[in-house]
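Below is one structure, written out as structure tokens; comments come after it.
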Amino acid sequence: MAFEMFSIAHFAGLAAAVILFAGIIVFRKQMREPGVNRTVRYGLASLLIVCEASLQLSYLLEHQWDVGSLPFQLCSLMVLVSAVLLLTNRKKLNDIVFFLGSMGALQALLTPNLDEAFPHFRYFHFFIAHIAIVGAALFILAVERYRPTFRSVMRAIIWLHVLAIPAAITNTISGTTNFMFLAQKPGTASLLDLLAPWPWYLLQLEAIVFALCMLLYAVIWLLDRWLKREGQTARS
């Protein structure tokens, strides 16, 4: 069976995402305890690594591994970067995971570029991996208290272009891959369908990415101000 957007299987994946995200927010203070913090970080990182390793293994077992199996899609790269961040706690990776990881994975969850439906392995891999990416971004925000700045936005955008280099080179050399959707729009329905044909939608995406990053930055900034105001009101 082919995967259908906004089907029961799709809503089930979204429901699982909401449960995990809510859990991170509700139990954020408990997750700041050193032992719990380490367990959650390593557990989430292990889940991300297992997701990518199992996907690559499935390609090999099914004799389907080729150049298109390389982890050069944005979310595949974010799986690896998020795992490294959680394992090493390197703050320099926060901007990449928060902006690029959350934006790419959320868009994927809402409009999945997925062919296989429940209960196929790829269905579970897709939702677990993308939910875990957003979970990592939410973890550093709610638990580790990461706060983006305007410089964070610019660093994330610069990193997006750096990460696009191997994807673009591979697309050009192979002529068959479409990493990061640089060669054409995805075959399944997505938000890119609303944009101009190739290559013009790539230019439109530059403005959209900047706008979305600024929106995320503004939301966190406004939320912080609201929480501080509520805290001051409660103390008075």
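Bear in mind that the values in this text are calculations on the coordinates, not laboratory data. Since this is a predicted model, take the numbers as computed values, not measurements. In this analysis, Cβ positions are derived from the backbone assuming ideal geometry, glycine residues included, and neighbour counts consider all displayed protein chains.
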### Summary
Quick note on Ser190, Ser58, ordering by fewest other C-beta atoms within 10 Å, gives Ser58, Ser190
### Task
Can you check what the net charge comes to around Ile157, using other residues whose Cβ is under 15 Å from the Cβ of Ile157 (Lys, Arg +1; Asp, Glu -1)?
0
### Query
For the stretch 8-235, what is the relative contact order in percent, using Cα pairs closer than 8 Å and at least 6 residues apart in sequence?
23
### Task
Choose one of Met103, Leu93, Phe210: the residue whose Cα lies farthest towards the positive end of the charge dipole of the chain (beta-carbon charges +1 Lys, Arg; -1 Asp, Glu; about the Cα centre).
Leu93
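Mean residue ellipticity at 222 nm from the helices of the chain, using -39,500 (n - 2.57) per DSSP H segment of n ≥ 4 over the full residue count, to the nearest 500 deg cm²/dmol?
Numbers: 7 runs with 154 residues, N = 236.
Value at 222 nm, helices only: -23000 deg cm²/dmol.
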### Task
Could you give the size of the charge dipole of the stretch 8-235 about its Cα centre, using +1 on the Cβ of each K and R and -1 on the Cβ of each D and E, expressed in debye and rounded to the nearest 20?
1300
#### Entry: Read-out mean projected area of the Cα convex hull in nm², derived from the coordinates shown; its label in (i) 16.6; (ii) 11.2; (iii) 14.2
(iii)
## Note on the structure
Taking the stretch 8-235, the lysine pairs whose C-alpha atoms sit under 29 Å apart (8 or more places apart or on different chains) add up to 5
### Query
For the stretch 1-49, rounded, prolate or oblate, judged on the Cα gyration tensor with a ≥ b ≥ c (square roots of eigenvalues), a/c < 1.5 rounded, else prolate if a/b > b/c?
oblate
### Query
Among Val67, Leu80, Ser7, which residue has its Cα positioned farthest towards the positive end of the charge dipole of the stretch 1-99, with +1 placed on the Cβ of Lys and Arg, -1 on the Cβ of Asp and Glu, and the dipole taken about the Cα centre?
Leu80
### Message
For a test of the definition: using alpha carbon positions, the gyration tensor, and the 1.5 limit on a/c, classify the stretch 96-207 as rounded, prolate or oblate.
### Response
oblate
